[in-house]
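Participant: Structure below; questions to follow.
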Amino acid sequence: MQALADSGANGFVFVNTPCAIDIAKFFNLQTQRLPRPIQVKGYNGQAKNTISHFIRLHLTVDGRRQYNLPLLILDLGSHDLILGRKWLEYFKVLLDAQNRCLHWPAELQPSLSVVKEIQLSRDALRPQPLEANHQEDADARDRALAKEDQRREAGRQAYATDDCDSDSGYSSSNSFREPVSRREPTAPWRPKVIRTHQSDVRESYQKMDDTLAGIVRAKDMPYQRKVYVPEDKKSAPAIDIAGISAIGMHYNLKRPENEIFSTSLYEIDQLLAQVAVPPAPLPIPDAYADYADVFSKEASDILPPHRSYDHKIVLEAENNLGYSPLYKMTAQELETTKQYLVDNLNKGFIAPSQSPFAAPVLFVKKADGSLRFCIDYRKLN
C-alpha cells in the first residue's frame, strides 16, 4: 500500500475512508469514536470535513514495525495513507525530497522477525464478486442442511413418549425425561500434588542413592495420544490437513492451482451412504419366510404410530429410586453405551435428559463377542 509523507498535514496518520472500510471488513476490526470530533482545515484555513472515528493498526514502514497506531479516518481522495507531521516528529524521521526517501534515526533500525508475513495488494482488500455457480452450490448446501435439521427435529417430536404423571423425574425405557432443573456445570476434579520440604529431601536422597548405585529410572512421561495408522497405507490417499488464518485463506483463493470447496459431516455421510455396499441379508429359515418383514432392519428403526393407549409408567406412592451414578466400565462397554445413545438419539427413540433419577445398565456378551446393551429396571418394577 502506497503512503504519502506530508509534513504539511498537522496530524499523526490519516487513512482514506474507503480504505478504512475495506480494512475493517477484511480483518474484522472495529472503528473507535474520538472523544470529540476534530475539524479539518484546508490550506486556506477553511474548515471542510470532520474526523469522528479512528482505527488502530500495525504499520510497517521501510521495514520498521510500528504497533497499534491510531489512524484517523478521513476522505483523502487519491491517497490511501498520509503520514503527517506529528508522525514524522514522533519517530524523528526526516524527509529527503530529492531522493524521495525517509532518513531514520540510528536507534530505529529495521525490525527483525522470524514470522513470514503475507503481503496483499490494495485490490485484494476490496470485496470480490461472487461466482454465480459457487453461490448456487452454497445455497443448495444451506437448504439441504436446513431440511435435514427440520427432519431430525420433526422426528424427535413425533417419537417423543409421554412423560410420567408423577414428578419423580423418572421416565420409561424408551425416553429420557426432560430435566426439572438444570445444574450448573462443575469443573472436573483433578488431584492436587502438594510438595513439602520432607518430600523434596526424600526425593533428593533417592536420586543420590540411584546415582551411586548406577540405577537409571525411567522418567514419568505424560500421556500421549497414539496416532491412528491405517492398516493399508498405500490405498489411503495422501491428505494434508492444516488450519490457516483468514488472510492465508484469501491469499490461497487468488492462486489458480488451488481448489476451494466446503463440506459438512452430513454431506460426507450422504456420499458414503451412496457408495457403501449394503450388507447381504441374513438367511431366513423357510418356516419364517412369510414373516420376512419382521426381520427388516429399516422397519425396526421406526416407532409405531402413537395411540391413545400408549404405555407409560405412573408412580403412585412415594418412591426411593435414588441416584445411579456412572460406575467404572471397560473401554468396550463405554463404546457400546455411546453407540446406543447416539443411534437412539438420531432415531428419536430417546431425548436428552439431566434428571437426577436414572437406571443402571448391564451388558450381555453375544455369540460374536459384541455386547448387548441392557437396562436394569428392577428397582422401578
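The values are calculated or read from the model by the stated rules, or taken from the named source; none is laboratory data. None of these values were measured; they are calculated from a predicted model. Cβ coordinates were reconstructed from backbone atoms using ideal geometry, including for glycine residues, and neighbour counts include every protein chain displayed. Note: accessible area is taken over every heavy atom of the protein model, side chains too, but ligands, DNA and RNA are not part of it. Shrake-Rupley method; radii C 1.70, N 1.55, O 1.52, S 1.80 Å.
Participant: Take I215, I244, I375, I55 and sort them by solvent-accessible surface of the protein heavy atoms, 1.4 Å probe, largest at the top. Can you show the working numbers first?
Facilitator: On the way: I215 85, I244 105, I375 55, I55 5 Å².
Largest to smallest exposure gives the sequence I244, I215, I375, I55.
Participant: Convex hull over the Cα atoms of segment 31-103, averaged projected area in nm²? Don't jump to the answer; show the numbers that get you there.
Facilitator: Values: hull surface 25.2 nm².
Across all orientations, segment 31-103 yields a mean hull projection of 6.3 nm².
Participant: Which ³J(HN,Hα) values in Hz, rounded to whole numbers, follow from the phi angles of segment 11-16 under the Karplus curve 6.51 cos²θ - 1.76 cosθ + 1.60, where θ = phi - 60° and Gly and Pro get x?
Facilitator: x, 8, 9, 10, 10, 5
Participant: A further question on this structure: Step through the table entries K297/K328; K312/K347; K297/K366; K25/K86, compare each Cα-Cα distance with 22 Å, and write down the pairs that go over it.
Facilitator: Values: K297/K328 32 Å; K312/K347 20 Å; K297/K366 18 Å; K25/K86 28 Å.
In this structure, K297/K328; K25/K86 exceed 22 Å between Cα atoms.
Participant: So for segment 1-150, averaging the separation of alpha carbon pairs under 8 Å that are six or more residues apart and normalising by length, what relative contact order in percent results? If you can, show how the numbers build up before the last one.
Facilitator: Numbers: 193 pairs, mean separation 43.3, N = 150.
Contact order relative to length: 29 percent.
Participant: Continuing with this model, one more query. How long are the semi-axes of the equivalent ellipsoid of segment 243-381, taking √(5λ) for every eigenvalue λ of the Cα gyration tensor, in whole Å from largest down?
Facilitator: Working: eigenvalues 330, 148, 65 Å².
One finds semi-axes of 41, 27, 18 Å for segment 243-381.
Participant: Considering only DSSP states other than H, G, I, E and B, which GluC sites (Glu not before Pro) in segment 121-161 qualify as loop sites with at most 12 other Cβ atoms within 10 Å? Don't skip to the end; give the middle numbers.
Facilitator: Numbers: sites: E131, E136, E148, E153; in loops: E131.
Those satisfying the criteria are E131.
Participant: Could you tell me the extents of segment 247-313's C-alpha atoms along the three principal axes, largest first, rounded to whole Å?
Facilitator: 65, 38, 15
Participant: Need one value: the accessible area of K297 in square angstrom, 1.4 angstrom probe, rounded to the nearest 10.
Facilitator: In the full protein context, K297 sits at about 120 Å².
Participant: To continue, here is another question. Just name one of L112, L102, P35: the one whose Cα is farthest towards the positive end of the charge dipole of segment 32-125 (beta-carbon charges, Lys/Arg +1, Asp/Glu -1).
Facilitator: The residue sitting most towards the positive pole is P35.
Participant: Would you please name the trypsin sites (Lys or Arg not before Pro) within segment 59-125 that are DSSP coil residues with at most 13 other C-beta atoms within 10 Å of their C-beta?
Facilitator: Details: sites: R64, R65, R85, K86, K92, R100, K116, R122; in loops: K92, R100, K116.
Hits after loop and neighbour filter: K92, R100, K116.
Participant: Okay, next question. Would you mind checking the radius of gyration and Dmax of segment 81-153 based on alpha-carbon positions, in Å?
Facilitator: 25.2, 72
Participant: Here's a follow-up. Using a 1.4 Å probe on the protein heavy atoms only, what accessible surface does E107 show? Give it in Å² to the nearest 10.
Facilitator: 130 Å²
Participant: Under 15 Å from the Cβ of K147, count the other residues' Cβ atoms, weight Lys and Arg +1, Asp and Glu -1, and hand me the total.
Facilitator: -3
Participant: Tabulate in residue order the Karplus-calculated ³J(HN,Hα) for segment 91-106, using 6.51 cos²θ - 1.76 cosθ + 1.60 with θ = phi - 60°, rounded to whole Hz; enter x for Gly and Pro.
Facilitator: Going residue by residue, I get 8, 6, 9, 10, 8, 10, 5, 5, 9, 6, 8, 10, 9, 9, x, 5 Hz, with x marking Gly and Pro.
Participant: What is the mean projected area of the alpha carbon convex hull for segment 1-122, to one decimal in square nanometres?
Facilitator: Computed as one quarter of the Cα hull surface, the answer is 8.9 nm².
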